[in-house]
1. Could you name the lysines in cross-link range of Lys299, using Cα to Cα under 20 Å and dropping any fewer than eight places away on the same chain?
2. What is the angle, in °, between the Cα long axis of helix 175-199 and the longest principal axis of the Cα atoms in the chain? Nearest 10 is fine, range 0 to 90.
3. What dipole magnitude, in Debye to the nearest 20, does the chain give about its Cα centre under +1 on Lys/Arg Cβ and -1 on Asp/Glu Cβ?
4. Order Phe45, Phe338 by their accessible area, 1.4 angstrom probe, all chains in place, largest first.
5. Starting from the amide H of Gln287, placed 1.01 Å from N in the peptide plane, find each other amide H under 5 Å away whose residue is 5 or more places distant or on another chain.
6. When the Karplus curve 6.51 cos²θ - 1.76 cosθ + 1.60 is applied with θ = phi - 60°, which whole-Hz ³J(HN,Hα) does each residue of the stretch 230-247 get, with x for Gly and Pro?
7. Principal axis lengths of the stretch 250-354 from Cα atoms, whole Å, largest first?
8. Quick one: work out the % antiparallel among DSSP beta bridges in the chain, nearest 5.
Amino acid sequence: AAASPAPILLRAARGEQVERPPVWLMRQAGRYMAEFREYSNKYPFRHRSETPEIAIELSLQPWRAFKPDGVIMFSDILTPLPAMGVEFDVVKGKGPVIGTPVRTMADVKALKPLDDPDASLPFVREILSTLRKEIDGQSTVLGFVGSPWTLCAYSMEGKSDRHLIRTKQIMTQDPETLHAYLNHLTEALGVYVCHQIDCGAQVVQIFDSWAHHLSPSQFLEFSHPYNERVIAIVKAKYPSTPLIFHANGGVGKLEALAQSSADVIGLDWNTSMVEARAVLGPDRVLQGNMDPMYLFADKQRIYKEVENNVKDAGKKNLILNVGHGVAQGTPEESVGHFCDAARASVYAKETVGA
């Protein structure tokens, strides 16, 4: 029998022309789903993300409910940090907290390399390989990591902070330590992305969740070169696996994002899709970027916003997504409408294969 074609999101991420925009949502596995809350009310975060059978179940819940074209593993951007010697905990109502921040050169030198993820993060292989088996080619299995900058800032600050006062002080007063830590994280994340691909991820997204804390020039110094190095490490080993780079706070940094060698650029909802398409060019695959608050609107409005998004992207080279994670309290049926609207957005024939 002929091999079945690759799933639509994987084909789109490779830059192939597809019949409609594939769709998935950041935080599609989340507290807005009643069946997710049955687990989140009972088990702490790290128990859920590091226990394979629970993480697999949480990853599959939105797939069973809405059939998105991407199934992302339930995990966290901070997950690889303990393997390097940086412990974290997720405190309900406060988010992740790092009890011993990394702030000096001595702290950086004390870190461990991430050289054997199967030993230090043993749950990852079981989660991703099982998802590949369960999904069985009907959707694309996505892995993800945080960017070097975002993980660096999180573990220097020790928690989420509006101003990143500690990290920005290190940036101006002791940039050598900042760059040394970024280098350490970059090598580790290169290994971690390759590991996720080896375990079954077909596409991997790099989340620069804290890019909004950087000015465009700071982004070019403290984020972009390290993201590029992660991508280069991965491409040397897995040249045909597409990588998505999503900058939360990419608005005002489109010229910098144009320099990214990622296969797909993810846009937040503050960014004009029309402007992004103009700056990044017709052939770049873009991902995004509907404001997730529209998921609180009625079905008609959701369909209209999806239509606008697809039109603004030029009716090709788009992976439809929200421009930020799905918010707690979002009606479940709205996520279904969003996925249905993408499936209904069939491109006119002349754009396919053009």
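The values are calculated or read from the model by the stated rules, or taken from the named source; none is laboratory data. Keep in mind that this is a model prediction, so the values were computed, not measured. Quick reminder, even Gly has a Cβ in these numbers, built from the backbone with ideal geometry, and neighbours come from all protein chains shown. Keep in mind that these areas ignore ligands, DNA and RNA; they rest on the heavy atoms of the full protein, side chains included. Shrake-Rupley method; radii C 1.70, N 1.55, O 1.52, S 1.80 Å.
1. Within reach: Lys67, Lys311.
2. For helix 175-199, the angle is close to 50 degrees.
3. Numbers: 37 positive and 41 negative charges, 82 e Å.
The calculation lands at about 400 debye.
4. On the way: Phe45 30, Phe338 0 Å².
From most exposed to least exposed: Phe45, Phe338.
5. Here Ile265, Gly266, Leu267, Ile319 satisfy the definition.
6. Values, residue by residue: 4, 4, 5, 4, 5, 5, 5, 9, 10, x, 9, 8, x, 10, 9, 10, 10, 9 Hz.
7. Principal-axis extents of the Cα atoms in the stretch 250-354, largest first: 37, 33, 18 Å.
8. Details: 4 of 29 bridges.
Bridges in the chain that DSSP calls antiparallel: roughly 15 percent.
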